[in-house]
Amino acid sequence: MSSDNKIEASLSAAPAPKAADKILDVARDLFYREGIRAIGVDEIVKRAGVTKPSLYRSFPSKDELAASYLRKYDLEFWERFDEAVNAHPGDPRAQIIAFLTRVGKRTQKPDYRGCGMTNAAVEYPERGHPARIVSENNKQELRRRLRAMAAAMGAVDSDTLGDGLLLLIEGAYISGQLFGRGGPAASVARNADLLIEASLKK
């Protein structure tokens, strides 16, 4: 068998995506672009090409589907964050600037809709909602990490610097949606660097 035929055979033998994976992929795209509350399960199953019973076999409710979307979003968020950290070992200032440089660039894309976690927290003010819980946990962990990084930089008041960086990040998420290309979110990394410089012990 030729190498081309082997590749074709391998592709044809590969299992098709599970219904749960298809549902989650479609939900992720729709929830991020249009909002969780705006999208019904009928739209999701139609786009995914599955039945409604198959959705409820994988996700007991739309709330659980929303939480599953955000748990996946959470994993991807920390992968991006850790990439910036790993690129600058032992240098928390450079780590933060690298992360925020990427955030600033993303805010300039025409399809940018901010942070899925922030958007979900706004959509679900109820403290015990499954989607809200995932969002709150993500933000609490980000706050903890930023405060720890500020302390490692030798900030005069590391908690205040960490919180200031968090406020800049959240501001970039929102203003990126409001202003789009050329908006203030593009300079979030530069503003963070200025804040860091002003907060370090002289």
- Reported set for the range 181-202 where residues are part of a loop (DSSP other than H, G, I, E, B) and either open to solvent by 20 Å² or more (accessible area, probe 1.4 Å) or aliphatic (A, V, I, L, M) (or both) is Arg181, Gly182, Lys201, Lys202
- Message: Is it the case, given these coordinates, that Thr118 is among the polar types (S, T, N, Q), farther than 17 Å from Tyr32 by Cα and modelled with pLDDT of 95 or more?
- Response: no
- Are any of the residues in the range 131-147 open to solvent by less than 10 Å² (accessible area, probe 1.4 Å) and more than 21 Å from Tyr69 (Cα to Cα)? yes
- Message: Just to verify a result, which residue in the range 149-165, among those that are within 16 Å of Val85 (Cβ to Cβ) and touching a residue at least 12 places away in the same chain (Cβ under 8 Å), is surrounded by the fewest Cβ atoms within 10 Å (Cβ to Cβ)?
- Response: Ala152
- Search result, residues across the range 34-83 that are of a type in the set (A, V, I, L, M) and within 23 Å of Ile133 (Cα to Cα): Ile36, Ala38, Ile39, Val41, Ile44, Leu55, Leu65, Ala66, Ala67, Leu70, Leu75
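The values are calculated or read from the model by the stated rules, or taken from the named source; none is laboratory data. It should be emphasised that the depicted structure is a prediction, and the values quoted were computed from it without experimental measurement. In this analysis, Cβ positions are derived from the backbone assuming ideal geometry, glycine residues included, and neighbour counts consider all displayed protein chains. SASA here: full protein model, heavy atoms, side chains in, ligands and nucleic acids out. Shrake-Rupley method; radii C 1.70, N 1.55, O 1.52, S 1.80 Å.
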